[in-house]
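Participant: Questions regarding the structure given below will be posed in turn.
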Amino acid sequence: MSSFNYDLLVIGAGSGGVRAARIAAGHGARVAVAEEHRVGGTCVIRGCVPKKLLVYGAHFAEDLKDARRFGWNVPKCTFDWTVLRNNVLAEVDRLNGLYRQNLSNHQVTVLDERATVAGPHEVVLAGGRRLTAKVILIATGATPAVPSVPGAELGITSNEVFHIEHAPLRVVIAGGGYIANEFAGIFHEFGAQVTLVNRSNQILRGYDESVRDRLLQISLGKGIEFRFNAAFERIVRQADGSLRVHLKDGEPIDCDQLLFATGRRPNTAGLGLEAAGVDLDDQGAVRVDEYNRSSVDSIYAVGDVTNRVQLTPVAIREGHAFADTVFGGTPRTVDYRCIPCAVFSHPPLAGVGLTEAQAREQLGSVKVYTSDFRPMKNVLANRDERALYKMVVDADTDRVVGLHMIGPDAPEILQAAAVAVKAGLTKQDFDDTVALHPSMAEELVLLK
Ligand SMILES: Cc1cc2nc3c(=O)[nH]c(=O)nc-3n(C[C@H](O)[C@H](O)[C@H](O)COP(=O)(O)OP(=O)(O)OC[C@H]3O[C@@H](n4cnc5c(N)ncnc54)[C@H](O)[C@@H]3O)c2cc1C
């Protein structure tokens, strides 16, 4: 019998931590997981899941409008934020229960407390209890980063947005990444005047230029406002309770809600890692090798806290690979090539592989095929939104190296097509596949 309290002590019961705990326990390890907030982590409690449910809720605004063109007599509809919010939070509660149950079914002990690292094999819980483990896994995720400007505390982040009392009539969203653009779409569909304030001159850095430009054009057409190259000066509460956002240049903006979506910082502050000898990078992320091992042999890290690719499926894979490597006797690493990703904006966009610019830089000789079309449904609905699909092909080998799209259901279509890109299929392989008609996805095999 080992002299440690546990074989594995995981700090953080989010996407990566829960998967690692469950798989390690399945390999026979004695496992505990410490969680300071709620089991399920960011994705389940205040990220992907509640966000996607709000996206669904928001999309009804367009569906109800379009339905009239399809013959439905839709009376004037009103939207009740409280109903949606409470239903979403109830679903989050249900999932939280399932996650707890799942851990308990695998004999994983849940410690409902904040934990910090006290040494290579020692953890201290907030209540003072000290526990030892042969291996410690840091899976503490990331936390919203808020710019330090006077009055920033008057704003909220994605941690609070799912709980707000009222849907705002005027909202300022700080940031230009996927969370900012998703909430811009959500609040716009709920009827708010949305202004997105970004410090650079573009949105969605890292995504293909054509699709992000299409989203910008569609968003502008819908009435979402953008302030580019804008820096916050201060935020003040006005006599009527609303907020006034002062920027370094340009007119101030009045709003009812200010949402900061200005990036996420690895959650390592006050965790005791430096004292235990764990190397952190300049962003505070835990430095790990390809097997998720830190600079201390007995301490590993997975997920957002390592700041590699901050996505749920990646954290899950890292947690799984860690558990198989350390407790299953099967060393495994994660393949970071061709990770598909999406922005659940209105309309959504998605991509996998190299953007056109990346391909030109890395490969030199590149062929690009695009389809710029108005989806059939949008035509009948009189909706002036065009979809855009782009395929990036290595001209020397005919291999499809990137696929990028914006339009209805783009993430659903792209997930399937990503298999082909990951498998290294060629443009000819796409061409050889018979179209499924009528569909939007058929554009992928009809690109000329
Ligand atoms: C608004 C939003 C939308 C998102 N949408 C998507 C999406 O559509 N698709 C996607 O793939 N990803 C999305 N993400 C990202 C995704 O949520 C994260 O990549 C994922 O949750 C990372 O998993 P993790 O295990 O690393 O950390 P987390 O899931 O964040 O879990 C970390 C856990 O550790 C706990 N913790 C932290 N410190 C301590 C401590 N000292 N002691 C005890 N417990 C501690 C935290 O409370 C948390 O529960 C979204 C994120 C946000 C914020």
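The values are calculated or read from the model by the stated rules, or taken from the named source; none is laboratory data. Being a predicted model, the structure only gives us computed values, none of them experimental. Cβ: placed from backbone, ideal geometry, glycine included. Neighbour counts: every protein chain shown. Just so you know, the surface numbers come from the protein's heavy atoms only, side chains and all, with ligands and any DNA or RNA stripped out. Shrake-Rupley method; radii C 1.70, N 1.55, O 1.52, S 1.80 Å.
Participant: Tell me the angle of helix 410-422 to the major Cα principal axis of the chain, expressed in degrees between 0 and 90 and rounded to the nearest ten.
Facilitator: Tilt of helix 410-422: around 60 degrees.
Participant: If you don't mind, another one. Give 65/222; 377/448; 367/427; 367/448 a once-over and call out the pairs whose C-alpha atoms are over 18 Å from each other.
Facilitator: Values: 65/222 14 Å; 377/448 23 Å; 367/427 10 Å; 367/448 11 Å.
Going by Cα-Cα distance, 377/448 fall outside the 18 Å limit.
Participant: Can you pull the one-decimal nm distance between simple spin-label points at residue 2 and residue 77, each 7 Å off the Cα toward Cβ?
Facilitator: For residue 2 paired with residue 77, the spin-label model returns 5.4 nm.
Participant: Counting Lys and Arg as +1 and Asp and Glu as -1, what is the net charge of the other residues whose Cβ lies under 14 Å from the Cβ of residue 29?
Facilitator: Local charge sum for residue 29: +2.
Participant: Here is a further query. Out of every Cα-Cα pair in the stretch 49-111, what percent are more than 12 Å apart?
Facilitator: 75 percent
Participant: I've got another one for you. Where the centroid of each part is defined by its Cα atoms, how far is the stretch 258-319 from the stretch 43-104 in Å?
Facilitator: After rounding, the separation between the Cα centres reads 31 Å.
Participant: Another question, if that's okay. Calculate how steeply helix 178-189 sits against the longest principal axis of the alpha-carbon atoms of the chain, using the helix alpha-carbon long axis, and give the answer as 0 to 90 degrees to the nearest 10.
Facilitator: Helix 178-189 sits at roughly 50 degrees to that axis.
Participant: Apply the Karplus curve 6.51 cos²θ - 1.76 cosθ + 1.60, θ = phi - 60°, to the phi angles in the stretch 67-72 and return the couplings in whole Hz, x for Gly and Pro.
Facilitator: Here the 3J(HN,Hα) series is 4, 4, 6, 9, x, 7 Hz.
Participant: Could you order 189, 209 by accessible surface area, starting with the largest, using a probe radius of 1.4 Å?
Facilitator: Of 189, 209, the descending order of accessible area is 209, 189.
Participant: Sticking with this one: Between residue 170 and residues 5 or more places away or on another chain, which pairs have amide H atoms under 5 Å apart, with H built 1.01 Å from N, and which residues are they?
Facilitator: Close amide H contacts, sequence-distant or interchain: 193, 256, 257.
Participant: Same structure, new question: Amide H neighbours of residue 111 under 5 Å, at least 5 residues apart or on other chains, H built in the peptide plane: list them.
Facilitator: Residues meeting the criterion, in which the H sits 1.01 Å from N, are 33, 34, 35.
Participant: List the trypsin sites (Lys or Arg not before Pro) in the stretch 301-368 that DSSP assigns to loop (not H, G, I, E or B) and whose Cβ has at most 10 other Cβ atoms within 10 Å. Which are they?
Facilitator: Values: sites: 308, 317, 332, 337, 360, 367; in loops: 308, 332, 337.
Passing sites in the stretch 301-368 are 337.
Participant: For residue 177, list long-range residues whose amide hydrogen, built 1.01 Å from N in the peptide plane, is under 5 Å from its own amide hydrogen.
Facilitator: The list, which skips near neighbours in sequence, is 204.
Participant: Okay, next question. Could you grab the relative contact order for the stretch 143-298? Cα pairs under 8 Å, six or more apart, rounded to a whole percent.
Facilitator: Numbers: 270 pairs, mean separation 44.2, N = 156.
Once normalised by length, the contact order is 28 percent.
Participant: Expressed as an acute angle from 0 to 90° and rounded to the nearest 10, what is the orientation of the C-alpha long axis of helix 209-222 relative to the principal long axis of the chain?
Facilitator: Roughly 60 degrees, rounded to the nearest 10.
Participant: In addition: Can you give the net charge of the other residues whose Cβ lies under 11 Å from the Cβ of residue 217, counting K and R as +1 and D and E as -1?
Facilitator: Summing Lys/Arg as +1 and Asp/Glu as -1 gives +1.
Participant: Can I ask one more? Please list 3J(HN,Hα) in residue order for the stretch 341-352, calculated via the Karplus relation 6.51 cos²θ - 1.76 cosθ + 1.60 where θ = phi - 60°; whole Hz, with x for glycine and proline.
Facilitator: Each residue's phi maps through the Karplus curve to give 9, 9, 10, 8, 7, 10, x, x, 10, 7, x, 8 Hz.
Participant: For the chain, what is the relative contact order in percent, using Cα pairs closer than 8 Å and at least 6 residues apart in sequence?
Facilitator: Rounded, it is 16 percent for the chain.
Participant: Give a residue-ordered list of calculated ³J(HN,Hα) values for the stretch 436-447 (Karplus: 6.51 cos²θ - 1.76 cosθ + 1.60, θ = phi - 60°; whole Hz; x for Gly, Pro).
Facilitator: Listing the rounded values in order: 9, 10, x, 8, 7, 5, 4, 3, 5, 9, 10, 5 Hz.
Participant: I've got another one for you. If Lys and Arg each add +1 and Asp and Glu each add -1, what is the summed charge of the other residues whose beta carbon sits under 15 Å from the beta carbon of residue 373? Don't skip to the answer; put the middle values down first.
Facilitator: Values: positive: 214, 374, 377, 383, 386, 390, 448; negative: 372, 384, 385, 409, 442, 443.
That sum, taken over residues with Cβ under 15 Å, equals +1.
Participant: Rg (Å, one decimal) plus Dmax (Å, integer) for the alpha carbons of the chain?
Facilitator: Answer for the chain, Rg first and Dmax second: 23.6, 72 Å.
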